[in-house]
Amino acid sequence: MGDFQLIKICHLLACIATVMGSTVLIADQSMSKMIELTTQEPYCNVHTDRGTIRTMLLAADAAKVRQMSDDAISKLETVCRNKAELIRMQGGFMYPGTKWCGPGNNAANYSDLGKFQKEDMCCREHDNCPKYLMKGECREGICNNSPFTRSHCDCDATFRKCLQNVNSETANTIGAIFFNIVQVICFRERSPCSEWQKNPNDVPSLIRESIKSFFNYGTSNCTAEWVQSERYESPNKNNNRSRNGYTKAESDKICASWNFRPSEKYFPLMPITTN
C-alpha cells in the first residue's frame, strides 16, 4: 500500500463540521421515525416522537433533509443503536454502517468493509484517489487553503458514478450529502500538461496514469483550476419510469388495450321493506 493510500482526510461527512456546522436528517416515508446524523457525539440519534420530528423538520434547512424507505431506515436504526458501532465512530463522523465513508477510515485493512459493503467500496476507491492536494499544498498555480484534502475531478466523477451504479437508498443518500449538501470542490488541468493529456482517447482515464505523471512537473504551460463537482442525481430520476415500472408511453399502450365502460347501476335484489 502506497503512502497516498494511508492519507484519508476529509471525505464525505467530515466536511459537514466546517462547511455546514449542522446535522443531516433522514426520515421514513410516514415521518414517524427519523435518524439524525451529527458531527458531535453520539453522532447518530434515533427519533420516534412525531412532535419532535415535526419540529426538527420545520426548523431544518430543506437541503439537509432526506427521506428513505421504512426498510432502509430500520437498517440505519439498527446500526445507530449498536454501541460497538458508535464507539468505532469516536475518531470522527463516519456514515453509519460504513468504514470508509467519512474522515479517514476505521477499517482494519484494505479489505475491511462495513455493513453497506458496495457503498463502502465506492468510498474506499475515492479515498485512494492517487491525485490530491493536501491541506496547505500548492501545485501548478493553485493552493489548497481549505482544512481538507481536495481530490482531482476525475476521482469525484468516478465516485459519483460508482454510487449511481450501486443505486441503493444508502448510496444515493451518501451521494446527495457529498455532492449536493457539502458541495465539494475538486481540481482539474486548465490546459494540456503532457502529451498523453493532449490525446485523451489514448488514455481512458487520468486515474490510470502513474502518480509520477501528476501535472508533469517542469512544464511551463501547465496550470490547474478549482471547480465545483457536479451535483448528484439519483439514477431513478433519469429513467422516466413511474412506480409501476413503466414509462408513460408504455402505460398508455397498456391502458389502451383495455376497454373501459361505466359499471352497471345498482338495483336491490328484493323490494325495500318498511317497518
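The values are calculated or read from the model by the stated rules, or taken from the named source; none is laboratory data. Since the structure is predicted, the reported quantities are computational estimates derived from the model, not experimental observations. A quick note on method: Cβ atoms are made from the backbone with ideal geometry, for glycine too, and the neighbour counts reach across all protein chains shown.
Quick notes on this structure:
- ALA14, sole failed condition from (1) modelled with pLDDT under 85; (2) in contact with a helix residue (DSSP H, G or I) (Cβ under 9 Å, 6 or more places away or on another chain); (3) not in a loop (DSSP other than H, G, I, E, B): (2)
- Tally, over region 114-129, of residues that are assigned to a loop (DSSP other than H, G, I, E, B) and either among the aromatic types (Phe, Trp, Tyr) or surrounded by fewer than 19 Cβ atoms within 10 Å (Cβ to Cβ) (or both): 2
- Taken over region 52-73, residues that are of a type in the set (S, T, N, Q) and either in contact with a Pro (Cβ under 9 Å, 6 or more places away or on another chain) or in contact (Cβ under 8 Å) with a residue 24 or more places away in the chain (or both) amount to 2.
- Among all positions in region 178-185, there is at least one residue which is within 17 Å of the chain's Cα centre (by Cα), part of a loop (DSSP other than H, G, I, E, B), closer than 20 Å to MET121 by Cα and modelled with pLDDT of 50 or more.
- Checking each residue of region 134-141 against the condition of being part of a loop (DSSP other than H, G, I, E, B), at negative phi and crowded, with 18+ Cβ neighbours inside 10 Å gives no match.
- Among the residues of region 29-53, just one is at pLDDT below 90, charged (D, E, K, R) and surrounded by 14 or more Cβ atoms within 10 Å (Cβ to Cβ), namely GLU36.
- Summed over region 17-28, the residues that are at pLDDT 50 or above and either closer than 30 Å to GLY136 by Cβ or among the basic types (Lys, Arg) (or both) give a count of 3.
- Test: residue in region 88-102 that is exposed (fewer than 13 other Cβ atoms within 10 Å of the Cβ), of a type in the set (Phe, Trp, Tyr) and either at pLDDT 85 or above or within 18 Å of LEU25 (Cβ to Cβ) (or both): no
- Residue count for region 104-113, restricted to those that are surrounded by fewer than 21 Cβ atoms within 10 Å (Cβ to Cβ) and in contact (Cβ under 8 Å) with a residue 24 or more places away in the chain: 2.
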